[in-house]
Amino acid sequence: MGILRLSHVEIRVPDLELAAAYYTEVLGLIETSRQAEKVWLKCWDELQHHSVVITYAPSYGLDVVGFKLQEPEDLDYYEQRLAAAGVSTKRFGPGELGPGSGETVRFEAPSGHVVDLVWGMDQVGNMLPLNNPPPEPMGLVGIHPPRIDHIFLMAEDVDEVTAFFTEVLEFRLTEQIMADDGHQLCTFLERSHKSHDIAFIVGPNAAFHHVGFWVDDWNDLRRAADICSYHGVKIDAGPTRHGATRGWGLYFFDPAGNRNEVYTGGYWADPDREPVTWTESEMGRAIFYYEGVVDQKFLTVHS
Ligand SMILES: [Fe+2]
């Protein structure tokens, strides 16, 4: 029982057509629904209706981050835990938040991010048969990551939001970067037994740093960089190695300026795994292990 994994992100874009073209043709997601000011998308191997929703807006950034619940009873369970922590919640029925949406408990985290806990999103399948399937459908375009992996957000008080996610939502801390004054600069939290489903780094409340999509190996990062360059998509950093999480990543921007990552590697985390701590002086290698320093634009550019 509980939160299973990252489910979806809802992102603002000022040019819906341009963003939809990028998310389908360059990133290679599948469009599942469209309205005048919203497009719903999924990665090819996800069974559920959407993992990315782009919404027309005059600004860019994150509207909602959603997590998938394992059982319908988890909706009441977290509603009660949030109420006990003094957090007000709002409940939405199936379909009430748009095409394919499941039953949802919505609230605001101490970092100012709107969070949805969702059970029962429509299942649309992955275009593969259940009998004798090939490893991948034919005809996919762009990078076509099989699934969403993690989200990385910013918070003024990383200690506070990390405590909220661990104590109220029952996430487990896998890694942290500690400031010399004893505060957390960056934390990695998981529910799915991966290195992280969500991470926080110090910065403005409600800010969105990046959403990460899974690819299967290092060679896919090279291929993703080729595809970004071919389409004139600005690469921000990588392909490179992260010290924290031990993953490999490549960062680039959607046409609105929202940062995307394709990510692979990392470890599996049992619930009894002890958190790893990086010191402030090693923050460079924690984030970019080869370069050893964090490019300032990586910390200051966000949406
Ligand atoms: Fe990431």
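Things worth noting here:
- Verdict on Leu250 being part of a strand (DSSP E or B) and away from the ligand (no atom under 12 Å from the Cβ): no
- Elements of type strands (runs of 3 or more DSSP E) contained in region 2-53, each with 2 or more residues being open to solvent by 50 Å² or more (accessible area, probe 1.4 Å) and closer than 21 Å to Pro94 by Cα: 3-13, 30-35
- Some residue of region 147-160 being open to solvent by less than 10 Å² (accessible area, probe 1.4 Å) and more than 14 Å from the chain's Cα centre (by Cα): yes
- Annotation note: Cβ proximity below 6 Å between a residue of region 147-172 that is farther than 22 Å from Glu10 by Cα and a residue that is away from the ligand (no atom under 16 Å from the Cβ) and basic (Lys, Arg) (sequence gap 6+ or interchain) occurs for Val168/Arg81.
- Restricting the search to strands (runs of 3 or more DSSP E) fully inside region 119-225 and requiring at least 2 residues that are more than 16 Å from the ligand (Cβ to nearest atom) gives 172-178.
The values are calculated or read from the model by the stated rules, or taken from the named source; none is laboratory data. Please read these numbers as outputs of a predicted model, since none were measured by experiment. In this analysis, Cβ positions are derived from the backbone assuming ideal geometry, glycine residues included, and neighbour counts consider all displayed protein chains. Ligands, DNA and RNA are excluded from the accessible area calculation, which covers all protein heavy atoms including side chains. Shrake-Rupley method; radii C 1.70, N 1.55, O 1.52, S 1.80 Å.
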